[in-house]
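Just so you know, all these numbers are worked out from the coordinates, no wet-lab data involved. Predicted, not measured: the structure shown is a model, and the values here were computed from it. Ideal geometry is used to build each Cβ from the backbone, glycine not excepted, and the neighbour counts take in all protein chains shown.
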Amino acid sequence: MIRTGIDLGGSKIEIAVFAADGSSLLRERVATPQGDYMGTVMAVAGLVDMAERKVRGRGIQPDRALTPVGVGIPGAESRITGLIKNANSTCLIGKPLKQDLQARLQREVRIANDANCFALSEAVDGAGAGAAVVFGVILGTGVGGGIVVGGRLLTGANSIAGEWGHNPLHGEDHRDACYCGRTGCIELYLSGPGLSADHRRATSADFQAADIAQRAAAGDAACEATLQRYEARLAKALAGVINILDPDVIVLGGGLSNIDRLYKNVPRLWGEHVFSDHVATRLLKHRHGDSSGVRGAAWLWH
């Protein structure tokens, strides 16, 4: 079965079409219409129309056949109203995105949180393939998570399964407010902007997360101290997940997942907070990288 995945992000919308064996047949992206809900709906629909024309033109798909479409979004669909909630792309909040896309595309559309899509991709045929329980983590502009058990995505009774980024990080001075309206959220410390903000508070220097990692590797003592604080906080936060979910594998994605030292240092630290004499959980880097979101959206039809 040919499947189509959409990764609807704050800055770009990406589409990919996959063959039954998981190989990519097409991949395109466009800029997200900023703050324009209906413009976003039309951009997604336009990408699907374009992709199907191109796939038909190659003789891969029969004329007028409609591919299953899955969409990963930076939010979740309310089980009560069907409207989008908890989206950091705020123009989506309170909108009937699924209904509008289905009306425009004339087919069923499956929607899931983008971190859930990442987790599903990595659990099906990525770094967590073969593991019974996988927790997928996004460490980027925000912090998200998704849970896959036995190859099946868990969304939960409230459609918030895996949303560890909006739990409080204990033991910190919770001064800053999160966009969600709470203070002390894990996202405030473990996102890319959170890492930069922590370094700025400690040194007054304004560096991006990638610059901090690069400078630490080159011997900058202040950047090294910032990364050590980050690793300690990440270990503490993930230990909370292990104590509740006890996953076989935790897979990291997002921009900060490319800091290779995390995979050695964080497991060395999290044992202090895990309620066990031994931690068998493996911390792994993503296999599909930036493709995992759009792959996981397509795998909603897995």
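Worth pointing out:
- Euclidean distance between Cα centres, the range 13-82 to the range 241-289, Å: 32
- Computed E for Gln228/Arg29 - FRET, C-beta separation, R0 35 angstrom, nearest 0.05: 0.45
- Put simply, when 269-278, 41-50 are sorted by average Cβ atoms within 10 angstrom per residue, most first, you get 41-50, 269-278.
- Two-site FRET efficiency, Ser204 against Thr183, from Cβ-Cβ distance with R₀ of 22 Å, rounded to 0.05: 0.45
- A helix-only calculation puts the chain at -11000 deg cm²/dmol for mean residue ellipticity at 222 nm, using -39500 (n - 2.57) for each DSSP H run of at least four residues, averaged over all residues.
- In percent, rounded to a whole number, the relative contact order of the range 127-286 is 26, using alpha-carbon pairs under 8 Å and six or more apart.
- Links that overshoot a 31 Å alpha carbon limit, given the list Lys95/Lys264; Lys85/Lys236; Lys54/Lys98; Lys98/Lys236; Lys54/Lys85: Lys95/Lys264; Lys98/Lys236; Lys54/Lys85
- Extension gain, Lys264 to Asn243, is 5.6 nm, computed as 0.36 nm per intervening residue step minus the present C-alpha separation.
- Extension reserve of the His174-Thr81 stretch, reckoned as 0.36 nm per residue once the Cα distance is removed: 30.2 nm
- Largest mean-square fluctuation among Val133, Val30, Val148, in a Gaussian network model of the chain whose springs join Cα atoms under 10 Å apart, belongs to Val30.
- Cα gyration tensor, the range 127-286 - rounded (a/c under 1.5), prolate or oblate: prolate
- Here the range 229-260 is scanned for amide nitrogen atoms under 12 Å from the site 7 Å beyond the Cα of Ala280 along Cα-to-Cβ, giving 247-249.
- Among the chymotrypsin sites (Phe, Trp or Tyr not before Pro) in the range 119-204, those located in a DSSP loop and surrounded by at most 16 other Cβ atoms within 10 Å of their own Cβ are Tyr179.
- Interchain or long-range residues, amide H under 5 Å from Leu83's placed H: Ser78
- The chain: antiparallel DSSP beta bridges as a percent of all, rounded to 5: 60
- Relative contact order computed over the chain (Cα-Cα under 8 Å; 6+ residues apart), in percent: 20
- Per-peptide packing, taken as the mean over residues of other Cβ atoms within 10 Å, places 202-210, 241-249 in the sequence 241-249, 202-210 from highest down.
- FRET efficiency estimate (nearest 0.05) - Cβ-Cβ, Gln214 to Arg287, R0 22 angstrom: 0.40
- Correct option for Cα extents along the principal axes in Å [calculated from the coordinates] among [x] 58, 37, 29; [y] 61, 44, 44; [z] 60, 41, 39: [z]
- Whole-Hz Karplus values for the range 103-115 come out as 5, 6, 8, 6, 6, 5, 10, 9, 10, 8, 4, 5, 5 Hz, taken residue by residue from phi with 6.51 cos²θ - 1.76 cosθ + 1.60 and θ = phi - 60°; glycine and proline positions read x.
- For the range 219-234, Karplus couplings with θ = phi - 60° (6.51, -1.76, 1.60), whole Hz, Gly/Pro x: x, 5, 5, 5, 5, 4, 5, 5, 5, 5, 5, 4, 4, 5, 5, 5
- At most 14 other Cβ within 10 Å, DSSP loop - trypsin sites (Lys or Arg not before Pro), the range 101-191: Arg107, Arg175, Arg182
- DSSP-defined antiparallel bridges as percent of all bridges, the range 127-286, nearest 5: 55
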